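Enquirer: The structure's right below; bear with me while I get my questions together.
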Amino acid sequence: MPDRLDRMLALVRRHRPRVRLVDRNTVPWMRLPGELARPFVGDINQRFTTVLGDVVYLPGPVERFDRDHLAAVLAHELVHQLDQARSGPWFYASYVLFAPTGRTMRADWERRAYAVDLLLAHERGGEQAVLATRDRLVTVFAGPSYGFMWAGRASAERFLQPVVDAVLDGTLAQQAPYRDILRAWRGEDAVPPEPEVA
Ligand SMILES: [Zn+2]
């Protein structure tokens with residue numbers, strides 16, 4: 001019986017048949033930016049997942065992660081993979097180059113991906129969980145984690161609010177790719193079991 005991680009991986013493979021999960025700490029050039037940023041933001045290599053094309057660079061060996069947690073991470077990264085596929089070099093250039101702090105393109109891409117985190121919070125704990133996740137994301141967007149990609153807590157909260165609203169009123173769950181992600185999370189793609197005969 002495929003579990004949540006199996007189902008999410010199957011969804012990712014539909015878009016990225018050659019997807020691979022790699023421990024970023026085993027890849028020297030992937031470690032380097034984290035080493036440089038460590039004095040400012042702590043150890044990224046132990047905390048952050050990064051995706052480049054087919055490869056998802058995890059902050060540790062695959063076996064170390066809780067399977068549901070990994071399913072949620074893959075769902076977030078899938079949004080990046082789809083945006084990377086659609087926008088090509090523009091994705092990477094706009095992610096790192098333009099407006100390095102304050103009001104960044106990076107924040108637009110991350111808002112699309114963190115919409116998954118808000119959606120899954122809604123699945124787990126309804127409105128209360130969504131609002132708690134929003135508060136955590138305000139810190140992520142306004143703080144040093146991604147280089148102050150949307151500086152100012154009040155401003156970051158306003159920036160995130162449309163996505164929060166779309167999760168709470170159910171419209172996000174109707175949109176691609178979020179609809180497919182939610183189905184994989186819930187297991188709605190699975191063939192329903194045979195009815196039990198008493
Ligand atoms: Zn992201």
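Enquirer: Please specify each residue of the range 4-48 satisfying the condition of being modelled with pLDDT of 95 or more, surrounded by fewer than 18 Cβ atoms within 10 Å (Cβ to Cβ) and assigned to a loop (DSSP other than H, G, I, E, B).
Expert: 17, 18
Enquirer: While we're looking at this one, here's another question. What is the residue count in the range 135-154 for residues that are at pLDDT 95 or above and of a type in the set (Ser, Thr, Tyr)?
Expert: The total comes to 1.
Enquirer: Ok, one more. Does residue 59 satisfy the criteria of being surrounded by 13 or more Cβ atoms within 10 Å (Cβ to Cβ) and either acidic (Asp, Glu) or within 16 Å of the chain's Cα centre (by Cα) (or both)?
Expert: Values: surrounded by 13 or more Cβ atoms within 10 Å (Cβ to Cβ): yes; either acidic (Asp, Glu) or within 16 Å of the chain's Cα centre (by Cα) (or both): yes.
Considered against the rule, which asks whether it is surrounded by 13 or more Cβ atoms within 10 Å (Cβ to Cβ) and either acidic (Asp, Glu) or within 16 Å of the chain's Cα centre (by Cα) (or both), residue 59 comes out as yes.
Enquirer: Moving to a separate point now. Here are 71, 107, 75, 113: which of them is crowded, with 16+ Cβ neighbours inside 10 Å, more than 12 Å from the ligand (Cβ to nearest atom) and under 17 Å from residue 48 (Cα atoms)?
Expert: Working: 107 fails: more than 12 Å from the ligand (Cβ to nearest atom); 75 fails: more than 12 Å from the ligand (Cβ to nearest atom); 113 fails: more than 12 Å from the ligand (Cβ to nearest atom).
So the residue among 71, 107, 75, 113 that is crowded, with 16+ Cβ neighbours inside 10 Å, more than 12 Å from the ligand (Cβ to nearest atom) and under 17 Å from residue 48 (Cα atoms) is 71.
Enquirer: Provide a single number: the residues in the range 133-149 that are in contact with a helix residue (DSSP H, G or I) (Cβ under 7 Å, 6 or more places away or on another chain) and farther than 16 Å from residue 104 by Cβ.
Expert: Count: 2.
Enquirer: Between residues in the range 150-161 that are in contact (Cβ under 8 Å) with a residue 12 or more places away in the chain and under 12 Å from residue 103 (Cα atoms) and residues that are among the aromatic types (Phe, Trp, Tyr) and outside any helix (DSSP H, G or I), which pairs lie under 7 Å by C-beta distance while being six or more apart or on different chains?
Expert: The qualifying pairs are 156/150; 159/150.
Enquirer: So, one more: Do you know which of the residues in the range 100-128 that are of a type in the set (A, V, I, L, M) and more than 16 Å from residue 144 (Cβ to Cβ) is nearest to the chain's Cα centre (by Cα)? Spell out the reasoning first.
Expert: Filtering the range 100-128 for residues of a type in the set (A, V, I, L, M) gives 105, 107, 113, 115-116, 118-121.
Narrowing further to those that are more than 16 Å from residue 144 (Cβ to Cβ): 105, 113, 115-116, 118-121.
On the way: 105: 16, 113: 5, 115: 8, 116: 6, 118: 10, 119: 11, 120: 11, 121: 12 Å.
Looking at the filtered set, the residue picked out is 113.
Enquirer: If you scan the range 137-186, which residues turn out to be part of a helix (DSSP H, G or I), surrounded by 16 or more Cβ atoms within 10 Å (Cβ to Cβ) and of a type outside the set (A, V, I, L, M)?
Expert: 141, 145, 146, 157, 159, 178, 180, 185
Enquirer: Kindly provide the set of residues from the range 78-104 that are within 13 Å of the ligand (Cβ to nearest atom) and in contact (Cβ under 8 Å) with a residue 60 or more places away in the chain, ordered by number.
Expert: If the condition is that a residue be within 13 Å of the ligand (Cβ to nearest atom) and in contact (Cβ under 8 Å) with a residue 60 or more places away in the chain, then 78, 79, 81, 82 are the ones that fit.
Enquirer: Return the pair list, or none, for Cβ contacts closer than 8 Å from residues in the range 111-136 that are of a type in the set (S, T, N, Q) to residues that are more than 16 Å from the ligand (Cβ to nearest atom), at least 6 apart or on different chains.
Expert: none
Enquirer: Continuing with this model, one more query. Residues 75, 99: which one is outside any loop (DSSP other than H, G, I, E, B) and of a type in the set (Gly, Ala, Ser)?
Expert: Numbers: 99 fails: outside any loop (DSSP other than H, G, I, E, B).
Answer to the check: 75.
Conditions (1) more than 23 Å from residue 182 (Cα to Cα); (2) not β-branched (Val, Ile, Thr), marked per residue:
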{"position": "26", "(1), (2)": "yes, no"}
{"position": "33", "(1), (2)": "yes, yes"}
{"position": "49", "(1), (2)": "no, no"}
{"position": "59", "(1), (2)": "yes, yes"}
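The values are calculated or read from the model by the stated rules, or taken from the named source; none is laboratory data. These numbers were taken from a predicted model, which means no experiment stands behind them. Backbone-built Cβ (ideal geometry, glycine too); neighbour counts: all protein chains shown.
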